[in-house]
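To start, the structure under review is shown below, and the notes come after it.
The values are calculated or read from the model by the stated rules, or taken from the named source; none is laboratory data. Remember, it's a predicted structure, so these values are computed and weren't measured experimentally. With ideal geometry, Cβ positions are generated from the backbone for all residues, glycine too; neighbour counts draw on all protein chains shown. The protein model used for the area step is the full one, side chains on, heavy atoms only, and it has no ligands, DNA or RNA in it. Shrake-Rupley method; radii C 1.70, N 1.55, O 1.52, S 1.80 Å.
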Amino acid sequence: MKLSYVTDSLGHLPFEEMLDVITEMGIDTIEMTTGGWSPAPHLKLNELLESDYKRAEFLNELEKRNIKLCALNCSGNPLDPGELGKEHREVTDKTFELAKLLGIKKVIMMSGLPAGSPEDKIPNWITYTVSWPPVLKDILDYQWNEVAIPYWKELVKKAESCGIKKIALENFSSQLVYNPETLFKLRNAVGPTVGLNLDPSHLIWMGADPILSARELGAAIHHVHGKDVRLERHLSGINGVMETKEVTDVANRAWNYVAVGCGQDLQWWKEFFSVVKMMGYDEEVSLEMEDLTMSVEAGVRTSIDALKQTLSF
């Protein structure tokens, strides 16, 4: 496996300066965002699509520093019923087209989350169904069978026409695919082009064991994010992990995204990467640094140090 870096956490730096910083830190592989939830601070999607010169200029900046672009990331909600969904679907389509032009074979996304019915105006994440109220099962049936699966069948066709081999869906909350079981539900319906972007941080706060998840996923691991989370025991033990406070309110949240090694110890990370590799994944692990308890620079350097000690090269 190879250490990569999602460049957004250095979004305050210009493109060229960001590349110089990561080169200084010993990283030569990157994953870049194109839009969706991200403002895409380092990549101008329309400009690169429309101009051969701009694409050549972009690639030259990477090549002269010996940096490889391993994946494009257009994570968003393409299944949102409103204007946001329309915007994110457009970004997704353009990202696939750019991947074709750049020769990129992997795109990172999220599955999306539909509304609960054709009449609804906002997405609805159903996390609980037993026998009451029965409408919740109807909502899930609508979301999967009338919205998600038809959209993804068509998107997989577009991916194949663009030469994309892997679409890696991040197991993020408030998405239809948020764990291995829901990934397999979609994958079984639309084919093996779709796999998981295995992000252990989300699974941990949702109560899963990412090491067991990796064993279950096997060849369905299409990408890995190196991202940690810490359950704040004094609060999660009292209130549980269903958290609605702003991510910036770190002192009062039940859990926080943290630099790698500040949630799970290094022995845990060694076992995680060992199992991931054992299950057949031998590609990039992208550091996604979203620790708001420390400075960006401290979080990045702490995470890189931890990943270099634990990643199964």
**OP:** State the antiparallel share, in %, of DSSP beta bridges confined to segment 152-267, rounding to the nearest 5.
**Re:** 35 percent
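Set the Förster radius R0 to 41 Å, insert the Cβ-Cβ distance between residue 23 and residue 251 as r into 1/(1 + (r/R0)^6), and round the FRET efficiency to 0.05.
Working: r = 35 Å, r/R0 = 0.85.
With R0 = 41 Å, the Cβ-Cβ based efficiency is 0.75.
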Subject >> Antiparallel DSSP beta bridges within the chain, percent to nearest 5 >> reply: 15 percent
Subject >> 17 Å Cα-Cα reach of residue 157 towards aspartates and glutamates, excluding residues that sit fewer than 8 places from it in its own chain >> reply: 90, 93, 97
Original post:
Cα-Cα over 29 Å: which of 64/158; 94/308; 158/245; 44/166?
Top reply: 64/158; 94/308; 158/245
Original post:
Working from the pairwise distances between different alpha carbons, so that the mean of 1/r is found and then inverted, what is segment 49-187's Kirkwood radius in Å?
Top reply: 16.4 Å
Subject >> residue 105 paired with residue 274, simple spin-label distance in nm, labels 7 Å along Cα-to-beta-carbon >> reply: 2.9 nm
Subject >> Principal axis box of segment 86-141, alpha-carbon based, largest edge first, Å >> reply: 50, 22, 13
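Shape verdict for segment 1-77, please, from the Cα gyration tensor: rounded (a/c under 1.5), prolate (a/b greater than b/c) or oblate. Could the numbers behind the result be given before it?
Values: a/c = 1.60, a/b = 1.15, b/c = 1.38.
Oblate, since a/c reaches 1.5 and b/c is not below a/b.
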Subject >> Cα Rg, Dmax (largest Cα-Cα span) when computed across segment 158-223, Å >> reply: 11.7, 38
Original post:
What residue among 36, 207, 226 shows peak mean-square fluctuation when the chain is described by a Gaussian network model with Cα springs under 10 Å?
Top reply: 207
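Which whole-number percent is the relative contact order of segment 7-48 (Cα, under 8 Å, 6+ apart)? Let's see the in-between values first.
Details: 36 pairs, mean separation 19.0, N = 42.
With pairs under 8 Å counted, the relative contact order is 45 percent.
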Subject >> For residue 4, distant residues with modelled amide H under 5 Å away >> reply: 285, 286, 287
Subject >> Length-normalised contact order for segment 1-115 - Cα pairs under 8 Å, 6+ apart - percent >> reply: 26 percent
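How much accessible area per residue does the chain have, in Å², with a 1.4 Å probe?
On the way: 14030 Å² over 313 residues.
Accessible area per residue: 45 Å².
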Original post:
Given the rule -39500 (n - 2.57) for each run of at least 4 DSSP H residues, summed and divided by the residues of the chain, what is its mean residue ellipticity at 222 nm, to the nearest 500 deg cm²/dmol?
Top reply: -12500 deg cm²/dmol
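If I take every Cα pair under 8 Å that is 6 or more residues apart in the chain, average their sequence separation and divide by the length, what percent do I get for the relative contact order?
Working: 601 pairs, mean separation 51.9, N = 313.
After rounding, I find 17 percent.
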Subject >> Net lengthening on full extension, residue 233/residue 295 (0.36 nm per residue, minus Cα-Cα) >> reply: 20.0 nm
Original post:
Put a dot 7 Å past each Cα toward the Cβ at residue 158 and residue 173; how far apart are the dots in nm?
Top reply: 2.9 nm
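Give the shape of segment 174-313 as rounded, prolate or oblate, defined through the alpha-carbon gyration tensor: a ≥ b ≥ c are the square roots of its eigenvalues, a/c under 1.5 means rounded, and otherwise the shape is prolate if a/b is larger than b/c and oblate if not. The partial results should precede the final answer.
On the way: a/c = 1.99, a/b = 1.29, b/c = 1.54.
Since a/c reaches 1.5 but b/c is at least a/b, the shape of segment 174-313 is classed as oblate.
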**OP:** Exposed loop GluC sites (Glu not before Pro) only (DSSP loop, at most 11 other Cβ atoms within 10 Å): please give the longest stretch of the chain free of them, not including the sites.
**Re:** 120-245
**OP:** Please work out, to two decimal places, the log10 of the ratio I(q)/I(0) at q = 0.06, 0.13 Å⁻¹ from a Debye calculation in which every Cα of the chain carries one identical scatterer.
**Re:** -0.19, -0.97
Original post:
Rounded, prolate or oblate: which fits segment 140-195 when a ≥ b ≥ c are the square roots of the eigenvalues of the alpha-carbon gyration tensor, with rounded for a/c under 1.5 and prolate only if a/b beats b/c?
Top reply: oblate
